[in-house]
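Just below is one structure, and these are the notes that go with it.
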Amino acid sequence: MKKTVLITGGAGFIGSHTADALNRQGYKIRILDNLTPPTHQKPQWPAYVLGRGFELIKGDVCDRRILAKALHGVDFVFHFAAYQDQRQDFSRFFKVNTLSSALLYELIAENKFPIQKIILASTQFVYGDGKYSCPHSKKEFFPELRTLKALKIGDWSIKCPHGSPAKFIPFKEDQKLTPTNSYGLSKQALENLGLRFGKTYGIPTTVLRYSIVQGPRQSPHNLYSGAMRIFASQSLAGVPITVYEDGQETRDFINIEDVVRANLLTLKNPKTNFETFNVGGGRSYRVIDFAKLVKKISRSPSSLLIGAFRRTDTRHAVSNISKIKKLGWSPRRNTEYSIKTYFEWFTKGGFNKKLHAKDLVKLQEGIHI
Ligand SMILES: NC(=O)c1ccc[n+]([C@@H]2O[C@H](COP(=O)([O-])OP(=O)(O)OC[C@H]3O[C@@H](n4cnc5c(N)ncnc54)[C@H](O)[C@@H]3O)[C@@H](O)[C@H]2O)c1
């Protein structure tokens, strides 16, 4: 008999691509999604989940009755529904991301639903600014958030206690977590409760900490969609591309196809049970180089505008992916491919035909520092 997979947030970017891949492999797909802004501008199912034989449940993952109904008869759960942003409505992050996860385990334990595995979507943001080492003393430390005073004078780099620039160490799964924003904090709580309740109640659980995921269907209305959304909309609108700080900050980007392969591997491989994995691109990009690449591929006349900043941005965010690589997974798609496929989809109006790049540029103004 076909196994059924519940995908919360399955009408979104990662969830819908994962649904397609699982569907191709013969799984039955059930999606629970409340089709909420900013990802969805209208409370309607996007075309890419229609006509594929998916069972679609419109509802809130924090609603006990709806979630219990969605869990009935399910074998596996991907928990993707989330609130992801840079705004100051702190409590909403914990409601959508953390409460929903606690409710998931509560209902499974209460109703003895025979769930074989839960895969929880987490993020690089749980690492915050991460770990640094001092070149001379070799001492490692976890820096505090940079001060507003330092950022205002363009003092971007993270310093050792005696003042010289410190060296960033790519995030490893077993390092101390020091999230700096509500999103990261809410996902840290999700990880803790998922792994704890999973062990206590015998529900195999895996945490996947994605780096910045890129590809078609990523809602351009979602501020969280990051540099790709911002640079792409600015390139298309022909306005300056805003590169934060001095552009020397680094990130790692991963293509959606690689993320989907990691998701499927996690579902099938029992070695992933009760483990946490970074799922990243395996390559560090300076943001300024990424902006130049977007500009080149889109053939945009836009100039680069450097020097603005956001208060809680991390200076460097790059994941070490050696742990998941040991299971035979590694990224196959490069950043050029991600940019090209995103632009193809974006310019065809994949998200909303009436969408104009200039409107998206305006969205950027909603970000606080
Ligand atoms: N995209 C990335 O770069 C990235 C990086 C790291 C982690 N993640 C995590 O991966 C997961 C999927 O991200 P995504 O990029 O596909 O996001 P997305 O916004 O495209 O999809 C999320 C979906 O969840 C739904 N949703 C939100 N709140 C809900 C609620 N209360 N009840 C039911 N549905 C709700 C939305 O309507 C949306 O369809 C999230 O948990 C996110 O935190 C994403």
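A short reminder: the numbers here are calculations on the coordinates, not readings from a lab. Being a predicted model, the structure only gives us computed values, none of them experimental. As a convention, Cβ positions derive from the backbone with ideal geometry for all residues, glycine included, and neighbour counts pool all protein chains shown.
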TODO: Based on alpha-carbon positions alone, could you give the equivalent ellipsoid semi-axes of the chain from the gyration tensor, as √(5λ), descending, whole Å?
DONE: 33, 25, 18
TODO: Rounded to the nearest 10 degrees, what's the angle between the helix 287-298 long axis and the longest principal axis of the chain, both from Cα atoms, 0 to 90?
DONE: 80
Open item on the list: Looking only at Cβ-Cβ distances, which cysteines of the chain have no other cysteine closer than 4.7 Å?
Closed with: CYS62
TODO: Highest first, please rank the peptides 146-153, 214-221, 324-331 by the mean number of other Cβ atoms sitting within 10 Å of their residues.
DONE: 214-221, 324-331, 146-153
- [ ] Mind checking which aspartates and glutamates have their Cα closer than 13 Å to the Cα of LYS152? Skip sequence neighbours fewer than 8 apart in that chain.
- [x] GLU245, ASP246
TODO: Given a cut-off of 25 Å, name the pairs among LYS69/LYS271; LYS325/LYS348; LYS2/LYS95; LYS131/LYS323 whose C-alpha atoms lie farther apart than that in the structure shown.
DONE: LYS69/LYS271; LYS325/LYS348; LYS2/LYS95
Open item on the list: Can you give me the distance in nm between label points at SER330 and ALA109, each placed 7 Å from the Cα along the Cα-to-Cβ direction?
Closed with: 4.1
Open item on the list: Taking a cut-off of 13 Å, what percent of all Cα-Cα pairs in segment 131-170 are separated by more than that?
Closed with: 49
Open item on the list: Tell me the mean residue ellipticity at 222 nm calculated for the chain from its helices only (DSSP H runs of n ≥ 4, each -39500 (n - 2.57), averaged over every residue, nearest 500).
Closed with: -10000 deg cm²/dmol
Task: Residue order, fewest to most beta carbons within 10 Å, for LYS292, LYS138, LYS187 - done: LYS138, LYS292, LYS187
TODO: For each of SER137, SER319, SER16, SER302, count neighbouring Cβ atoms within 10 Å of the residue's Cβ, then give the residues from fewest to most.
DONE: SER137, SER302, SER16, SER319
- [ ] Could you name the aspartates and glutamates whose alpha carbon sits less than 19 Å from that of LYS139, not counting residues in the same chain fewer than 8 places away?
- [x] ASP129, ASP174
- [ ] Using the Karplus curve 6.51 cos²θ - 1.76 cosθ + 1.60 with θ = phi - 60°, work out ³J(HN,Hα) for each residue of segment 83-96 in order, rounded to whole Hz, and write x for Gly and Pro.
- [x] 10, 9, 6, 10, 8, 9, 7, 3, 5, 5, 4, 6, 5, 5
